[in-house]
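Please read the structure below before turning to the comments.
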Amino acid sequence: MKHRNVAVVIGGQWGDEGKGKVVDLISPSFELVARYQGGHNAGHTVKFEDKHLALRLIPSGICRKGVLNVIGNGVVIDPRALLSEMASLRKEGVEIGDNLRVSDRAHVILPTHALLDGAREKALGGANIGTTSRGIGPAYESKANRSGIRMADLVDADRFIAVARPLLAHHDAVLKHFSGVEGPTVEETMDEYVACGRELAGYVTDTSTLLGSAIRSGKKILCEGAQGVMLDVDHGTYPFVTSSSCAAGGASIGLGIPPASIGLVLAVMKAYTTRVGSGPFPTELFDSVGEHIRKRGNEFGTVTGRPRRVGWFDAVVARTTVRISGIDAVALTKLDVLDEMDEIRICTHYEVNGKEIGEIPARADHYDAAKPVYRTFPGWKTSTAGISSFGDLPVNAQQYLEALEGIVDAKVALLSTGPKRDETIRRAGTPLDGWLA
Ligand code: GDP
Ligand code: IMO
Ligand code: MG
């Protein structure tokens, strides 16, 4: 492969690692930014000046002039959510026009997908996944069972009506029969979606072809992962995962670009761990330390407002991300949240019946027996806000970071000490060097 001008940013844990901040920060060095999976279950925060944006479907390069933003074929799109996101960004002064393109192959989330999502979660009771109830899983199901509707169908009213009617009628029957849920009528949904299709038609195109010629002409492309590797449908803590391929490999499938065009993988990880929804979380904290991190880190969901579960940095998780996605460097976020801690822990491995385990178990129920084994580090007890070089960090923070790099076997290239663009330390001499202006 002649061109290796594609970089991929992924979430290295269970989502909400700060991908939005990192993508927005580095996007001026790229001509295109592309989302390759997930949907409006994602909430990517971008903060600069007095702006606080929560992006869901639109890539986090949207605030940068001259960057073309692509929503790829691997994304599932609720057209109402996309239009409402466009409207709220415009209200914030963000221009949206020729700088946004949407794949004609991306699948459409129907209102009944969201109703099915909610009904299934309800039926699972205490064993539920804790989804975002946005219809993500059911929409990917329709895609996989080949009854789904794509953006190319949505933008043509006659075609949409022809393909949507049988699917909507089927959903309607399933919802009524199994859940007693009465949704909007088939006609109501079709009217609403035909109107959405009309508004979105100008943005919809063959984005794989577009990206292919961008790659051949040497343009730099940044792929923006949603969720995180531990929520990946294959490699995460199944079944407590999302329904798409969040790992770096997903970028090739979800955008229709050659795997060999990927020249850099950057994993965003928090200096601790959070997760929203149910499922295994061996390093979870239930005490005042966890409460302190949740408050100081403002760990409440961007999409649902749910309090995020909080715990220590889990190197078993991080090493899994490194292995599966072959990462070149880490962007470590939220170091400032640990500023006041007396001591800080990293889980190096798990122990099951006295035996050391360095990999995540295949079965969620096997996590119950996995006890985290920690290395403990002294805190630095001073503010890291505004520090702009690695060498100026408190010695204890430097030692924590160097130990973390050793345990994870990856270099920290970017270090974030606050939500804003300038609250970031860029380290020289890492694989990022050739990519950023
Ligand atoms: P994403 O889904 O990976 O894009 O992450 P979210 O935006 O859902 O959650 C990350 C949250 O942390 C957002 O509120 C960010 O503004 C905030 N954030 C990002 N980096 C930092 C940091 O280094 N320090 C602090 N205190 N907040 C940060
Ligand atoms: P970003 O991109 C954190 C979680 C949900 C739930 C599981 C399945 O902002 O990091 P779904 O609605 O996808 O079927 O829910 O995945 N989840 C996320 N958690 N960040 C996200 O996105 C998430 N997207 C989904 O909480 O546990
Ligand atoms: Mg988020």
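Just rank Ser103, Ser261, fewest to most, by other beta-carbon atoms within 10 angstrom.
Ser261, Ser103
In segment 1-93, what GluC sites (Glu not before Pro) fall in a loop by DSSP, with at most 14 other Cβ atoms inside 10 Å?
Glu49, Glu92
Counting alpha carbon pairs within less than 8 Å and at least 6 residues apart, what relative contact order, in whole percent, applies to segment 208-311?
In percent, rounded to a whole number, it is 20.
What whole-number distance in Å separates the alpha-carbon centres of segment 406-432 and segment 114-177?
A separation of 40 Å, based on Cα centres.
What spacing in nm lies between the two simple spin-label points modelled at Phe286 and Glu199, each 7 Å away from Cα in the Cβ direction?
Taking the two extended label points, one gets 4.6 nm.
Multiplying the sequence separation of His177 and Asn145 by 0.36 nm and subtracting their Cα-Cα distance, what value in nm do you get?
Full-extension gain reported as 9.5 nm.
Hey, could you grab the Kirkwood Rh for the chain? Inverse mean 1/r over distinct alpha carbon pairs, Å, one decimal.
In the chain this quantity evaluates to 22.2 Å.
Sticking with the crude label model, points 7 Å out along Cα→Cβ, report the distance from Val352 to Phe300 in nm, one decimal please.
That separation, rounded to one decimal, is 3.8 nm.
Relative contact order for the chain: what percent, with Cα pairs under 8 Å and sequence separation of 6 or more?
20
So what is the relative contact order of segment 270-426, in percent, for Cα pairs below 8 Å that sit 6 or more residues apart?
Over segment 270-426, the number comes to 25 percent.
List every residue whose amide H lies under 5 Å from the amide H of Leu285, counting only residues 5 or more places away in sequence or on a different chain, with H placed 1.01 Å from N in the peptide plane.
Val310, Gly311, Trp312
Listed here are the pairs Lys21/Lys220; Lys122/Lys270; Lys19/Lys47; Lys295/Lys411; Lys51/Lys219; which of them are more than 24 Å apart at the Cα?
Lys122/Lys270; Lys295/Lys411; Lys51/Lys219
Counting other C-beta atoms within 10 Å, and keeping those with at most 13, which DSSP coil trypsin sites (Lys or Arg not before Pro) do you find in segment 74-176?
Hits after loop and neighbour filter: Arg146.
Angle check, please: helix 315-325 long axis (alpha carbons) against the longest principal axis of the chain (alpha carbons), in degrees 0 to 90, nearest 10.
50
So how do His292, His171 line up by other beta-carbon neighbours within 10 Å, fewest first?
The most exposed by this proxy come first: His292, His171.
Gain in length, Arg421 to Asp158, computed as 0.36 nm per residue apart minus the alpha-carbon separation, to one decimal in nm?
Once the chain is fully extended between Arg421 and Asp158, it gains 90.1 nm.
Within a 10 angstrom radius of the beta carbon, how do Thr376, Thr131 rank from fewest other beta carbons to most?
Thr376, Thr131
When the chain is modelled as a GNM with alpha-carbon springs shorter than 10 Å, which of Asp50, Asp172, Asp78 fluctuates the most?
Asp50
On a full-extension model of 0.36 nm per residue, what is the gain between Leu436 and Ala260, subtracting their alpha-carbon distance, rounded to one decimal in nm?
This chain segment gains 61.4 nm when fully extended.
Take Asp50 and His170, extend 7 Å from each Cα along the Cα→Cβ direction, and tell me the distance between the two endpoints in nm.
In this crude spin-label approximation the distance works out to 5.1 nm.
Bin width 5 Å, origin at 0, all Cα-Cα pairs of segment 107-200: what percent of pairs per bin?
P(r) for segment 107-200, in whole percents per bin: 3, 14, 24, 25, 19, 9, 5, 2, 0.
Using Cα atoms only, what is the angle between the long axis of helix 157-174 and the major principal axis of the chain, expressed in degrees (0 to 90) to the nearest 10?
Between the helix axis and the principal axis of the chain, the angle is about 70 degrees.
Along the Cα-to-C-beta direction of Thr376, a point sits 7 Å from the Cα; which residues of segment 332-355 have their amide N less than 20 Å from that point?
338-351
Hey, what do the phi angles of segment 137-144 turn into as Karplus ³J(HN,Hα) couplings, whole Hz, using 6.51/-1.76/1.60 and θ = phi - 60°, x for Gly and Pro?
Rounded to whole hertz, the list is x, x, 5, 5, 5, 4, 4, 5.
Mind listing the long-range amide H neighbours of Ile344? Cut-off is under 5 Å, sequence gap 5 or more, other chains count too, H placed in the peptide plane at 1.01 Å from N.
Phe377, Gly379
Rounded to the nearest angstrom and ordered from largest down, what semi-axes does the equivalent ellipsoid of segment 270-426 get from its C-alpha gyration tensor (root of 5λ)?
25, 18, 15
So what are the ³J(HN,Hα) numbers for segment 236-250, from phi and the Karplus equation (6.51, -1.76, 1.60; θ = phi - 60°), rounded to whole Hz, Gly and Pro as x?
3J(HN,Hα) across segment 236-250, in whole Hz: x, 7, 4, x, 8, 9, 8, 10, 10, 9, 7, 5, 4, x, x.
Taking a label point 7 Å from the Cα of Ala428 along the Cα→Cβ vector, which residues of segment 377-399 have an amide N closer than 15 Å to it?
Output list for this probe position: 388-392.
Read-outs throughout are calculated quantities, based only on the coordinates presented, and are distinct from any laboratory measurement. Computed from a predicted model, the values in this text were never measured in an experiment. Cβ: placed from backbone, ideal geometry, glycine included. Neighbour counts: every protein chain shown.
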